[in-house]
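Following: one structure in C-alpha cells, then a few remarks.
The values are calculated or read from the model by the stated rules, or taken from the named source; none is laboratory data. If you're wondering where the values come from, they're calculated on a predicted model, not measured in any experiment. Cβ sites come from the backbone with ideal geometry, for glycine too, and all protein chains shown count toward neighbours. The protein model used for the area step is the full one, side chains on, heavy atoms only, and it has no ligands, DNA or RNA in it. Shrake-Rupley method; radii C 1.70, N 1.55, O 1.52, S 1.80 Å.
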Amino acid sequence: MKSAVIINPKSAGGNTIRMWRDVQTDIQKRLGGVEIFMTEYPHHGTKIAQKLAQENYDRLIIMGGDGSIHEAINGLVDASGNAISKNIKIGILNSGRGCDFVRTLDIPTESTAAIGKLADMRTKPIDVGVVKIKKGDRIDTHYFINSFSYGLGGEVARNIQRNETNLLTPKTTYFVASAWAFLKSKPFLLEFQFANQSSIQKECMNLFAMNGRFSGGGMNWAPRGKLDDGLLDLVVVEKMPKYKLATLAPKVYDGTFVNVPGVSYQQFSKLKIKAPEEFWIEMDGEVIQANEFELSVLPGALNFII
C-alpha cells in the first residue's frame, strides 16, 4: 500500500512540525512506511495532493488544520468535479487550532487514537462543497470540505488571517476577530436563487453554507448538518440591530441560535447569490473576494478514513 503524509510545518504556529517529530516513528511502524511531503508556500498542498492522486497513492494523510485539509481536497478533485483517484483514502492527523472539520467527522485529536484509525482504514464517502465565482467572463471553481461564509463571517476570517501568527487560543482569536468585524459590520443586500425557483432578495448580516457542523473553533453553525447527505446547510442572519446580533453569540455554540427570529436555516443542493459589491468569502478559513457566485455539492466525492 502506497501511503503519504502532507505536513504543513507552519500550521498552529509551528506546533505541527513538533508534533510530527513525536509521532513519526509510530506512524512509520504501524502504517508500514509513509512518504513525507512538506508544504513550502500557500496552496503547495493542493499541488502535492494532485500529484499523489495522479500517482495512485492508496492512503493520503493530511497533517495540519482545516486550511491544510482545504488545500488538499482542492488537489483531489478536478475542474469538472470528479475525484482524480477513486482509490485514494484520506486520513487526518489534526494539529491545527480550530479542529472544526474533525469535530463533525468525529476523528480523535489525540495522536495515538488517530494513528489507530489510520491503520484500520475504515472509510466513509464525504460530500464536497463547490463554489463557482464569476469574475467578469471567467468562472473560478473552488472546493470546500467544511465551511463557507459570506459577509460578517468572511470579515472574521480575514481578520484572523491577518493575525494568524498570534499566540492566543483558538476561541480567543475568533472572539477578537469577531468583535472587530462586528464593530464594522453593516447589512447588505443579497439576491438568492435556488434551483428551479425565482430569485428573492434579503438584507443580511451574515451567511453560512455548511458541509460540516462547526466553524470558528467550535461554533455550531449547522446543528442538523451531515457530511454525507448530498446537501449543504444554509444559515442566513438577516438584518437586525447590533445589540440583538450580539445576543446570538452564546447561542451559536449549542446551535440554538437557529430558533431566533431573523435567522433562517434550510438545506439545499444548488444556490446562486449576487451582491451589489464584493465582500469577503471564507472557505475552510481561506478568504477571497466576490460578489457573484454559485454554491453546489458533490455527493460522496471523497473517501475519508474514520
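Nonpolar atom fraction for the chain, defined as the carbon and sulfur part of the 1.4 Å probe accessible area, stands at 49 percent. May I ask you to list the aspartates and glutamates whose Cα is less than 17 Å away from that of K51, ignoring any residue fewer than eight positions away on the same chain? In chain and number order, the partners are E35, E40, E71, D78. Treating the range 61-122 as a set of equal point scatterers at the Cα positions, no solvent, please give the Debye-formula log₁₀ I(q)/I(0) at q = 0.17, 0.19, 0.28 Å⁻¹. The computed values of log10 I(q)/I(0) come out as -0.61, -0.74, -1.22. Close amide H partners of M38, meaning residues 5 or more places away or on another chain with modelled amide H under 5 Å apart, are I7. Taking Lys and Arg as +1 and Asp and Glu as -1, the other residues whose beta-carbon sits under 14 Å from that of S85 total +2.
Largest mean-square fluctuation among V130, V23, V237, in a Gaussian network model of the chain whose springs join Cα atoms under 10 Å apart, belongs to V23.
Comparing mean-square fluctuations of P108, P42, P187 from a GNM of the chain with C-alpha springs under 10 Å, the top value falls on P42. Of the residues M283, M63, M19, the one that moves most in a GNM of the chain with alpha-carbon contacts below 10 Å is M19.
With +1 on the Cβ of every Lys and Arg and -1 on the Cβ of every Asp and Glu, and nothing else charged, how large is the dipole of the range 1-120 about its Cα centre, in debye rounded to the nearest 20? Approximately 160 debye in magnitude. Taking the range 255-290 and a reference point 7 angstrom along Cα→Cβ of R224, the backbone N atoms nearer than 16 Å belong to 255-270. Charge tally for F293 (other residues, Cβ to Cβ under 10 Å; Lys, Arg +1; Asp, Glu -1): +2.
Each Lys or Arg adds one and each Asp or Glu takes one away; over the other residues whose Cβ falls under 10 Å from the Cβ of M1, this sums to +2. The Kirkwood radius of the range 195-270, taken over pairs of alpha-carbon atoms, gives through the Stokes-Einstein law at 37 °C and 0.692 mPa s a diffusion coefficient of 251 µm² s⁻¹.
Shown here: the chain, whose C-alpha atoms stretch 57, 41, 32 Å along the first, second and third principal axes, sorted largest to smallest.
Would you calculate the separation in nanometres between label points at T141 and S264, each defined as 7 Å from the Cα along the Cα-to-beta-carbon direction? A separation of 2.9 nm, rounded to one decimal place. Once you order the gyration tensor axes a ≥ b ≥ c over the Cα atoms, which shape class does the range 1-62 get: rounded for a/c under 1.5, otherwise prolate or oblate by comparing a/b with b/c? Oblate, since a/c reaches 1.5 and b/c is not below a/b. Label the range 86-161 by shape, choosing from rounded, prolate and oblate, from the square roots a ≥ b ≥ c of the eigenvalues of the Cα gyration tensor; if a/c is under 1.5 it is rounded, and otherwise prolate applies when a/b is larger than b/c, oblate when it is not. Since a/c reaches 1.5 but b/c is at least a/b, the shape of the range 86-161 is classed as oblate.
Projecting label points 7 angstrom from Cα along Cα→Cβ for Q28 and K251 puts them 5.3 nm apart.
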